[in-house]
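Report on one structure; see the data block that follows.
The values are calculated or read from the model by the stated rules, or taken from the named source; none is laboratory data. Computed from a prediction, not measured in an experiment: that's the story for all the values here. Quick reminder, even Gly has a Cβ in these numbers, built from the backbone with ideal geometry, and neighbours come from all protein chains shown.
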Amino acid sequence: MNPVEQSMIENEQTLTLFGHDPVWLSIIKVVGVFALLVILVLFTIWLERRVVSWMQQRIGPNRVGPQGLLQSLMDGFKLAFKEEIFPTAADKMVYILAPILSCVPAYMAWAVIPLGPEVSMFGVSTPLQVTDFPVALLYMFAIASMGIYGIVLAGWASGSTYPLLGGLRSSAQMISYEIAMGLSFVGVFLFAGTMSTSGIVNGQIDLWFGLMLIPSFVIYTIAMVGETNRAPFDLPEAESELVGGFHTEYSTMKFALFFLAEYINMLTVSAIATTLFLGGWRAPWPISLWDGANEGWFPIIWFLAKMFIFVFIFIWLRGTLPRYRYDQFMRFGWKVLIPASIAWILILAVIRTLDVEGTWSHTALIAIGCGVIFMLILFFVRSRVGKKERKKFVDEHPIERDYKPFAGGHPVPPLPGQHHVPVTRKSNVIEGTTEEVNEEVRGG
Amino acid sequence: MNELIASVFETPVINYRQLSPILIILGAAVISVLVEAFVPRANRRVVQLVLVFLALITAIIWAVTGAGQQAITGEGAIAVDGPGTFLQITILIVSVFVAMLMAENRLDPAGDAFTARANSLPGSEDEREYTNRGWTTTELWPLFLFSVGGMLLFVVANDLLILFVALEVMSLPLYLMAAIARRRRLLSQEAAMKYFLLGAFGSAFFLYGSAMAYGFAGSIRLGDIANAISALPGPNGLIIAAVALLSVGMFFKIAAVPFHMWAPDVYVGAPSPVTAFMASCVKIAGVGVLLRVMYVAFSGLAWDWRPLFWIVSIVTMLVATILALTQTDIKRMLAYSSISHAGFLLIAVIALNPQGIASTLIYLVVYATATVGAFGIVTLVRGPSGEATHLSQWAGLGKRSPLVAGGFAILLLSFAGIPLTAGFIGKFTVFGAGIAGGATPVVIVGAVASMIAAFFYVRVIVLMFFTDPAEDGPTVVTPSPFTGIAISVSVILTVIFGIFPQPLIELAEKASIFIR
Amino acid sequence: MGAEYIPVLLLGALAFAFAVFSVTLATLTGPKRYNRAKRDAYECGIDPTPQPMGGGHFSIKYYLTAMLFIIFDIEIVFLYPWAVSFGLMGVFALVEVILFIVTVFCVYLFVWRRGGLEWD
């Protein structure tokens, strides 16, 4: 029996741990995960506001509770006591259904996230994970895309222009980045030989997939930001263009549900990143030297710590980067991420074949991964993407040398290469020559 | 569970030699897509034509040289056997002539039979501009190749899933091809929409039937289904429903009454070369598959499905023939004629004997040969706004252009099944098989129907030769060698098969064993 | 078999109950002060257009994106089982998947060249 078959049987045996919980234990686990998520969301909202404030040299919420920790909870209560508004043009049934549709799948995705190893809970030994099955990640992938229904239906049912545009943009954006995301999983499955989350965590005892498959990891990290509609890819909610995007017409708890779903999704993609690429709940290297690190309830700490690294990156991005333009965003998704993922999968398939034959080491794989990433960076530094189009546009629209302040009927600023010529107004010409008046204008 | 995982993966055996015609055509289709992407517009037509004809001819050579080596391959999913290879070669050869009709660009002053740009609004300024630039829809060629590839796979598919995939690969390009006529574009788009909706409806029936067959037999292989049926102690509702739904799906494809509603409209609306393709190749593939499914999988249930097929066959022949009598449009008349031929072909399916297979093969060859020629001639007779298809416009054609009218007359006589034309051989063998298979009443109805049919075919001939041409009647345009060769070969073959049918009959009889 | 899926349903039921509860809670707790302007579609203070943009029609680009998504999503669905059992199948699977990916990639190139991926 070769090592591949051996590992497949091990994966099967991991899965036999699941599906034996008594119903009361399942209920406890489910309620536990639910409560954990609510608390984590409240904490994340607070964290985001504080961190962004810190980055912008403000203070941020610090009044309610210690360090303002209860601020988001109070905001939630406030929303519950606000007036409910049903727009006249809204399709009422769908309008109410949309936030529910967006919230429920967000919670359901957490059913397969492994939080820790087997622990003893009220005398029953059970894994610290709601459940797991052979197609766990496929399930996660499917349930995460269900959330798009909520968004697109919210945009459609509001009966208003901005939400419709926001909903459409959002769905187009999410499906575009979902492809890159789905393709980045393939590398992990190739090496883990299973789609179950616990099996994937077990596959990373020696080496994290995030180090072994660097390009997959990078692609996933980019796609996860696009998938959650977060800055710099927050086009569906671009305040300056679309007011609030798909939830413009929503108020009170219905708005709160969208908000909740967005933050849970952010946590979900971070949790998937942790599970798939950073070894899940397993303790990172220096801590793992301590024997008890991977046993009992401790691993939850490592898991949450790793997850919050990603959450922090989300916040950091939001505090740092300006928003992408829509065409740039779609071009990046379709013309860079997708071909890059497909090419990487082909490379991986070849490497994996050699790996199974036993003529390959993981070090070489890491080296290749680094090389690929280096090439990608080079690609970006030279920024060939869109250069040709830009040049074509510039060639077709030469800048006119003489500056017309009211070209096209609107006041326009001077473009590069044009010079501002002070306008002579009749009212200014009271005495003296035009030149004198111009001098005056320039001086003042 | 563990044994399941640990069971060693066995590489499936795939006989690439037997699959080579399919692979060549589908490979060429992919290359053709790339040609669309990278070759400049001015050269696309030439490159595509070279590619298409090269691919078709290579595929024919590989299929002919490989004929006789039977194989069940791809883990039983594909059965390259006698009838399969015979139909593949027939489809490929007919496709060459259909491609010739499609390549024609001298008949219409604006170019070929396909619109300048499919996404410009009919009658708009845009459309006029692109027409003036001499653009044409070269995307036709990849679609055509994919469709042919789907047909090749369709006739050798040995399990219901591959059948369905092949059915879709065959049909989806056809829906698009029906929509891109250069003249009367709205009609063409309407036809495509109808074809798409009803085609999808038919596919859904087929898929539902497959699901039930799988539910019954626990397998989608035709052979396994047959085994499950022979092990069956009594009647079983599931498999009866499966047979019914599967046959309805295929009746849609071959346009048998009462599932024929789409055919006349689509045949009229689609560009004539595409109509020729639909009427000939799709019918070959559809009937071929019906034959395989009924003979291989469901022959054990013959007592249950035969009555249904009797009725469909009789109704198809009678209704189509009678409706054809009332038509005033030549393409519509040919459409009903094509529907009635589906009825005749069903007689051979009912027969359920080796003779039935051989006679179907012969019938399909002679029918497809004549059809391509007939639609080719339809493209030649043109008025100021494109093809002149009203019957009154064809009056006196024999006096103005005896050669074309003569050719058309021969093809019509073949459709009617008059002795010394190929159509007679087809009908004769099919009726023979029907009588041998105990379907004498159906054969009698068939004979009556062909007598009625002879009336309207002869009516057209009378119209062409014994009436005076109208003053402002249409002209017969001289085509380029493409259409010329296609039509002449079609007429000549119709006569040759009619006078010396023996080689064709022998070949078909040699090829008439399904393997499973 | 199948018992491992039950907790998923439990979690879904809990989340659904919570969502429905939240939505109904707000109707009970909030004030109700009717005002026509409040219930109009929000368009930055200008008089709202009677119908959403284009009467509910939107750009064909979205349909195109959706169709491309389906093509690639199906590619992904085919790749997953392949990836999971790749270790068992060896070189045969490698050759087949290369053929498959290259074929899909040809279509991708066609779409790219014909401007199907441009947004302006």
Kindly establish whether B:Ile25 is within 16 Å of B:Gly149 (Cβ to Cβ), in a helix (DSSP H, G or I), touching a helix residue (DSSP H, G or I) at 6+ places or on another chain (Cβ under 8 Å) and in contact (Cβ under 8 Å) with a residue 60 or more places away in the chain.
yes
Of (1) out of contact with any Gly (no Cβ under 8 Å at 6 or more places or on another chain); (2) at pLDDT below 80, C:Glu96 fails just (2)
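Name the single residue that is nearest to the other protein chains (Cβ to nearest Cβ) among those in region A:105-122 being surrounded by fewer than 20 Cβ atoms within 10 Å (Cβ to Cβ) and within 30 Å of A:Val269 (Cα to Cα).
The qualifying residue nearest to the other protein chains (Cβ to nearest Cβ) is A:Met121.
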Return a yes/no flag: does region A:207-215 have any residue that is closer than 24 Å to A:Lys335 by Cβ, in contact (Cβ under 8 Å) with a residue 60 or more places away in the chain and in a helix (DSSP H, G or I).
yes
Would you mention how many residues in region A:50-67 are buried (at least 18 other Cβ atoms within 10 Å of the Cβ) and either part of a helix (DSSP H, G or I) or within 14 Å of chain C (Cβ to nearest Cβ) (or both)?
2
Is region A:89-99 home to any residue that is surrounded by 18 or more Cβ atoms within 10 Å (Cβ to Cβ), outside any helix (DSSP H, G or I), touching a Pro at 6+ places or on another chain (Cβ under 9 Å) and touching a residue at least 24 places away in the same chain (Cβ under 8 Å)?
yes
Among the listed residues A:Thr194, A:Thr221, A:Thr274, which satisfies the condition of being more than 13 Å from chain C (Cβ to nearest Cβ) and surrounded by 24 or more Cβ atoms within 10 Å (Cβ to Cβ)?
A:Thr274
Can you tell me which residue is modelled with the lowest pLDDT among those in region C:99-120 that are more than 10 Å from chain B (Cβ to nearest Cβ) and outside any helix (DSSP H, G or I)?
C:Asp120
Would you be able to tell me the number of residues in region B:449-465 that are over 14 Å from B:Ser337 (Cα atoms) and touching a helix residue (DSSP H, G or I) at 6+ places or on another chain (Cβ under 8 Å)?
4
Given the conditions (1) buried (at least 24 other Cβ atoms within 10 Å of the Cβ); (2) within 21 Å of the chain's Cα centre (by Cα); (3) within 9 Å of chain C (Cβ to nearest Cβ); (4) within 20 Å of A:Leu267 (Cβ to Cβ), every one holds for A:Ser176 apart from (4)
Of all the residues that make up region B:440-464, how many are touching a Leu at 6+ places or on another chain (Cβ under 9 Å) and either farther than 29 Å from B:Ser401 by Cβ or not aromatic (Phe, Trp, Tyr) (or both)?
13
Which numbered condition trips up C:Thr65, out of (1) modelled with pLDDT of 80 or more; (2) within 27 Å of A:Pro163 (Cβ to Cβ); (3) more than 8 Å from every other protein chain (Cβ to nearest Cβ)?
(3)
Of all residues being surrounded by fewer than 20 Cβ atoms within 10 Å (Cβ to Cβ) and among the aliphatic types (A, V, I, L, M) in region B:10-29, which is farthest from C:Phe110 (Cα to Cα)? Just the residue, please.
B:Val13
Could you tell me whether region A:11-26 includes any residue that is within 27 Å of A:Ser270 (Cα to Cα), within 12 Å of another protein chain (Cβ to nearest Cβ) and modelled with pLDDT of 80 or more?
yes
Selection from region B:211-220 of residues touching an Asp or Glu at 6+ places or on another chain (Cβ under 7 Å) and surrounded by fewer than 23 Cβ atoms within 10 Å (Cβ to Cβ) yields B:Ile220
For region A:109-118, indicate whether the set of residues that are outside any loop (DSSP other than H, G, I, E, B) and within 25 Å of A:Arg49 (Cβ to Cβ) is non-empty.
yes
Quick test for you: out of A:Leu70, A:Leu79, A:Leu165, A:Leu115, pick the one residue that is modelled with pLDDT of 85 or more and under 21 Å from the mean Cα position of the chain (by Cα).
A:Leu115
From the list A:Ser72, A:Ser125, A:Ser102, pick out the single residue that is away from every other protein chain (no Cβ under 13 Å) and in contact with a Phe, Trp or Tyr (Cβ under 7 Å, 6 or more places away or on another chain).
A:Ser72
Single residue of A:Leu346, A:Leu317 found to be of a type in the set (A, V, I, L, M, F, W, C) and within 26 Å of C:Ala83 (Cα to Cα)
A:Leu346
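Residues checked against (1) surrounded by fewer than 19 Cβ atoms within 10 Å (Cβ to Cβ); (2) over 22 Å from the mean Cα position of the chain (by Cα); (3) under 16 Å from A:Val124 (Cα atoms):
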residue: A:Val23; (1), (2), (3): yes, yes, yes
residue: A:Val31; (1), (2), (3): yes, yes, no
residue: A:Leu37; (1), (2), (3): no, no, no
residue: A:Phe43; (1), (2), (3): yes, no, no
Considering residues of region B:232-258 that are over 16 Å from the mean Cα position of the chain (by Cα) and farther than 23 Å from B:Gly300 by Cα only, the residue surrounded by the most Cβ atoms within 10 Å (Cβ to Cβ)
B:Val257
Among the helices (runs of 4 or more DSSP H) lying completely within region B:177-259, list those that include at least 2 residues that are of a type in the set (Ser, Thr, Tyr).
B:185-217
Of all the residues that make up region A:119-134, how many are part of a loop (DSSP other than H, G, I, E, B) and over 20 Å from A:Tyr263 (Cβ atoms)?
7
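Just checking, which of A:Leu164, A:Leu153, A:Leu137 is part of a helix (DSSP H, G or I) and facing chain C (nearest Cβ under 7 Å)? Spell out how you get there, then give the answer.
Values: A:Leu153 fails: facing chain C (nearest Cβ under 7 Å); A:Leu137 fails: facing chain C (nearest Cβ under 7 Å).
Within the list A:Leu164, A:Leu153, A:Leu137, the selection yields A:Leu164.
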Any residue that is within 14 Å of another protein chain (Cβ to nearest Cβ) and over 24 Å from C:Cys106 (Cβ atoms) - is there at least one of those in region B:53-61?
no
Filter the helices (runs of 4 or more DSSP H) completely within region B:35-140 down to those with at least 2 residues that are modelled with pLDDT under 90.
B:41-66, B:125-132
